[in-house]
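Novice: Right, I'll just put the structure down here and ask away after.
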Amino acid sequence: MGAPRVPLEPPTPEQKAFLERAMQQYGKATYNFAYRLTGNEADARDLTQDAFIRVYRAWRSFQPGTSFLSWIYRIVTNLHRDELRRRKGRFQEELPEDNAPANFGGQRPLAVTPIEDYVERQLGEPLSKALGQLSAEQRQVVVLADIEEYSYQEIAEIMGCSIGTVRSRLHRARALLRRLVERAQRPT
């Protein structure tokens, strides 16, 4: 059972304003990044929610003048890594066909639209499928560099590694991505 939970103190007006501003300005970008990492809507929503809970709890640790997006991407990255470690070794069963997503009467839920539309328009099917075949770490470095257009320094800060590590991971991920796309485009 563990120790009893200590109730959170009510938020201060500054804390509330900080969180509301952050969610309004960066909520969609945070969700899109989480979606690219997880590859599915439910996990991306959970990851985004958990990240903003962390922002709420640690709002005073944000350094004004630095990039909030880099800070929250770092939080999302760490939460995603933790979840992957927790899941490792757990059997992941596919949902049966009768649990397919409900039809939204020709309209998709708003939360899915930005990523799916972007991937469909910009990346194309072979590239989006190949991106889905990369490991989470490889997908993350490619998304940060080639889609989000972060600098190597910013990526290193988000991923918690050196610039040299970012360069080598990105080089290997791009090479693998290229091979996967070429393989997908070959006539069978």
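Laboratory data are not the source of any read-out in this text; all were calculated from the coordinates shown. Nothing here was measured: the structure is a model prediction, and the numbers come from that model. Heads up, the Cβs are rebuilt from the backbone with ideal geometry, glycines too, and the neighbour counts pull from every protein chain shown.
Novice: Apply the Karplus parameterisation 6.51 cos²θ - 1.76 cosθ + 1.60, with θ equal to phi minus 60°, to every residue of the range 14-27 and state each ³J(HN,Hα) to the nearest whole Hz, in sequence, with x for glycine and proline.
Specialist: 5, 4, 4, 5, 4, 5, 4, 5, 4, 5, 5, 7, 10, x
Novice: Calculate the dipole size of the range 10-87 relative to its Cα centre from +1 charges on Lys and Arg beta carbons and -1 charges on Asp and Glu beta carbons; express the result in debye to the nearest 20.
Specialist: 180
Novice: Given a Förster radius of 30 Å and the C-beta distance between Met23 and Asp82 as r, what FRET efficiency does 1/(1 + (r/R0)^6) yield to the nearest 0.05?
Specialist: Result of the calculation: an efficiency of 0.90.
Novice: Here is a follow-up. Can you order the peptides 48-57, 177-186 by their average number of other Cβ atoms within 10 Å per residue, highest first?
Specialist: Highest mean packing first, the order is 48-57, 177-186.
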